[in-house]
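Where a number appears in this text, it was derived from the coordinates with a stated rule and is not lab data. Please read all numbers here as calculations on a predicted model, not as lab measurements. Note: ideal-geometry Cβ built from the backbone for every residue, glycine included; neighbour counts use all protein chains shown.
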Amino acid sequence: AQRVTQPEKLLSVFKGAPVELKCNYSYSGSPELFWYVQYSRQRLQLLLRHISRESIKGFTADLNKGETSFHLKKPFAQEEDSAMYYCALSGRGFGNEKLTFGTGTRLTIIP
Amino acid sequence: DAGVTQSPTHLIKTRGQHVTLRCSPISGHKSVSWYQQVLGQGPQFIFQYYEKEERGRGNFPDRFSARQFPNYSSELNVNALLLGDSALYLCASSPGGADTQYFGPGTRLTVL
């Protein structure tokens, strides 16, 4: 069974401080990993996808297959980063594209 | 492009009733997926359709059904509503089955 665990429901960080949102996964195979973000009163949107290796809004995430983790990081938090963050995974190949989400972490940036 | 659209925005039903939720994908997208998001939880996969055929089904009872039309829009139907079906129902579209999924704003269903 595939599972995504986000251990922190709430995380508060001061502006300018580093941010790390934790994500661990369980999957028998080679999954694709994602971070989705939902800003206040907006729809869920893709923040980054591990295969693209892009840095979006200063966020990066490294896939650690040994620790089965995909933690989201940003060196200097900004107030506009306050949002709900969801880690998700999908399988590969026909019929395996469904997204499995974690329970989410609400990030609050303190001015 | 308005992105993925869903209707209605909000819906209130009573137990035992039936509901139909609608989704229009981004133009050119051929795959639509449905998710249920209960308060305090992440979205949970219900169905995926690609080129009008079911491509995946989550762990939901047979009361839940869906279909995709020739224009790639989709409907999610839920019969014999239970209180526990109260949730935000999200639709997501993607160009193909394995591409990035783009989410709609959701339909908030309340079952009384």
*asked:* Give me a comma-separated list of calculated 3J(HN,Hα) values for segment A:81-89, in order, Karplus coefficients 6.51, -1.76, 1.60 applied at θ = phi - 60°, integers in Hz, x for any Gly or Pro.
replied: 7, 4, 4, 9, 10, 10, 8, 8, 9
*Per DSSP, loop trypsin sites (Lys or Arg not before Pro) in segment B:1-90 with at most 14 further Cβ within 10 Å*: B:Arg15, B:Lys52, B:Arg63
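Dipole of segment B:46-95, Cα-centred, from +1 at each Lys and Arg C-beta and -1 at each Asp and Glu C-beta, to the nearest 20 debye?
Around 20 debye, computed over segment B:46-95.
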_Charge context of B:Gly58, other residues only, Cβ under 15 angstrom, K/R +1, D/E -1_ = +1
*asked:* What do you get for GluC sites (Glu not before Pro) in segment B:1-69 restricted to DSSP loop and a cutoff of at most 12 other Cβ within 10 Å of the site's Cβ?
replied: B:Glu51
*Which lysines have a Cα less than 16 Å from the Cα of A:Lys65, not counting those fewer than 8 places away in the same chain?*
A:Lys22
*Return the lysines within reach of B:Lys30: Cα separation strictly under 23 angstrom, same-chain partners fewer than 8 residues apart disregarded; answer none if there are no such residues.*
A:Lys98, B:Lys52
*What is the local net charge at B:Asn71, summed over the other residues whose Cβ is closer than 14 Å to its Cβ (Lys, Arg +1; Asp, Glu -1)?*
+2
*Under 12 Å Cα-Cα from A:Lys9, which aspartates and glutamates qualify once same-chain neighbours fewer than 8 residues away are excluded?*
none
